[in-house]
Amino acid sequence: MASHPAPTAAAEPDPPTASAEDLLERCAQGDRGAFVDLYRRLSPGAYGLALRVLRDEHLAQDALQEAFEQIWSQSGRYDRSRSSARSWILTIVHRRAVDRVRREQVERQGAMAWGAQHREAEHDVVAEVVELHADHRRVRAALSALTPLQRQALELAYHRGLTQTQVAAELDIPLGTVKTRMRDAIRRLRGELEGRR
Amino acid sequence: MNDENADIHTLSGAYALDALEPGERAAFERHLEACEQCRDEVRSFGDALSVVVDESAQEPPERLRDSVLAGITAVRPLPPVTHDSPDDVVVALRPGRRRAVTAALAVAAAVLGVALAGTAWRTVTLQDEVSRLSAAAADVTTVLTAPDARIATATATTGGRGTMVMSPSSGQVALVTDGLAPVPAGKTYQVWFVGRGSVVPAGFVDGGTAGTVLTGHPDDAVAIGVTVEPRGGSPAPTSDPFLTIAIPAA
Ligand SMILES: [Zn+2]
């Protein structure tokens with residue numbers, strides 16, 4: 001169900017031929033219909049991502065709203081030679097969510113030490129990632145091809161919003177190791193997904 | 001450490017995962033402009049992450065769509081970043097009094113003692129500003145959301161207002177404008193850092209609602225000013241500033 005969200009507003013026209021890239025470029029011309037269409041197509045993925053990072057419906061909805069307003073106003077700056085529309089949009093959503101997480105981290109730091117919170121998260125990180133996507137073979141297979149350390153790096157950064165510096169401190173490993181581990185992890189993920197297309 | 005530069009390519013993964021600090025992110029984005037290999041890598045990483053994201057898709061509540069649409073009703077998409085695109089709006093600004101070049105901004109700097117008192121400064125708790133300014137460019141967002149970001153706002157003489165955001169940790173200063181008159185045909189809005197006795201170019205900003213990260217922040221800057229200049233910009237200001245924002249002492 002979650003992976004095939006039914007269009008909720010069937011009233012809007014949905015030209016099946018228009019790519020997300022086309023829609024985004026039409027937004028830049030002020031085409032609000034294209035924006036509605038784009039929102040309908042991409043908001044479920046975007047919302048799932050914001051929820052994953054923020055773990056709170058209200059925060060996730062705020063982030064989604066801010067992100068889509070930014071997507072509209074910056075649509076003229078999208079360059080299809082640099083990224084797919086889907087990826088461009090998800091990047092904006094992810095940054096919004098992560099910015100929020102980091103602001104709250106800063107605000108909380110006085111009250112709560114970093115370690116305590118993540119010590120508990122650490123042990124079931126891998127299980128959680130695999131568990132969440134239990135119904136989705138392709139992604140599960142790709143993730144399970146990563147080493148546990150690579151999965152952990154992806155999880156801490158992408159889903160918990162830690163910076164590479166925080167990941168290094170949290171895992172007590174050199175920053176350089178974190179950098180290469182993140183890149184290796186995502187390269188491997190990419191390779192696995194391509195191989196299983 | 002300086003070995004950061006030697007292996008900046010390895011940051012592609014952390015960049016795609018949004019795991020860079022704001023300063024690092026800006027540095028890597030500059031690197032991306034010059035490195036095709038990293039651009040390709042970042043693109044493919046983004047596509048891989050999109051696939052993972054889609055697996056946890058979840059329909060947001062219907063009312064959120066309405067609220068998003070309401071949020072953009074009064075917003076026009078920003079023009080592309082290229083500055084050589086033809087201006088499509090012809091609204092002349094009131095021609096300012098012609099005064100000798102840099103003098104105007106120097107005067108602005110001189111009266112800053114007064115201006116400073118009236119400038120609203122505060123630290124952090126940026127949520128409301130961030131959401132109000134969500135129209136700003138992504139690189140501006142980096143400055144806006146820096147934990148140590150500070151904000152100053154001033155009203156433009158021609159309408160609208162400007163907000164300056166500076167983040168000492170990243171050394172960056174961003175200018176976000178709100179409701180400025182459209183840039184007149186053949187002109188540009190040029191931003192200046194006003195120092196004690198010097199005025200240096202700091203970049204350009206669009207009309208309407210726009211944001212830009214300023215370049216070349218001099219240590220002795222006491223204000224930023226914005227003037228109307230011929231398209232392409234001028235080496236020194238040729239008109240009075242219509243917007244001046246004071247930078248308070250640290
Ligand atoms: Zn590179």
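Read-outs: derived from the displayed coordinates by stated rules, not from any lab. Every value quoted in this text rests on a predicted model; they were computed, and no experiment measured them. Reconstructed Cβ throughout: ideal geometry from the backbone, glycine too, with neighbour counts over all protein chains shown.
Listed values, structure above:
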{"item": "Burial order of peptide ranges B:36-43, B:229-236, A:91-98, A:158-165 (average beta-carbon count within 10 Å, highest first)", "result": "A:91-98, A:158-165, B:36-43, B:229-236"}
{"item": "Computed E for residue B:35/residue B:161 - FRET, C-beta separation, R0 41 angstrom, nearest 0.05", "result": "0.65"}
{"item": "Protection proxy ranking of B:173-183, A:80-90 - average other beta-carbon atoms within 10 Å, highest first", "result": "B:173-183, A:80-90"}
{"item": "Segment A:20-104 - percent relative contact order, Cα under 8 Å, separation 6 or more", "result": "39 percent"}
{"item": "Amide H partners (placed H, <5 Å) of residue B:181, local residues excluded", "result": "B:208"}
{"item": "Dimensionless Rg over Rh [segment A:130-195; C-alpha; Kirkwood]", "result": "1.00"}
{"item": "Table column - 3J(HN,Hα) (Hz), segment B:39-46, Karplus curve with 6.51, -1.76, 1.60, x for Gly and Pro", "result": "4, 4, 5, 4, 4, 6, 5, x"}
{"item": "Pairwise centroid distance, computed over Cα atoms, of segment A:159-192 with segment B:152-203, Å", "result": "37 Å"}
{"item": "Kirkwood Rh in Å, taken over segment A:20-104 so that all alpha-carbon pairs contribute", "result": "12.7 Å"}
{"item": "Relative contact order (percent, whole number), segment B:146-235, Cα cutoff 8 Å, 6+ residue spacing", "result": "26 percent"}
{"item": "Cut-off under 5 Å, modelled amide H: who pairs with residue B:223 long-range", "result": "B:194, B:247"}
{"item": "Whole-Hz couplings from phi, Karplus 6.51/-1.76/1.60, listed for segment A:67-75; x for Gly and Pro", "result": "5, 5, 5, 5, 4, 4, 6, 9, 4"}
{"item": "For residue B:217, residues with placed amide H under 5 Å, excluding near neighbours", "result": "none"}
{"item": "Karplus (6.51, -1.76, 1.60) ³J(HN,Hα), θ = phi - 60°, over segment B:161-167, in Hz, Gly and Pro reported as x", "result": "8, x, 10, 9, 10, 10, 10"}
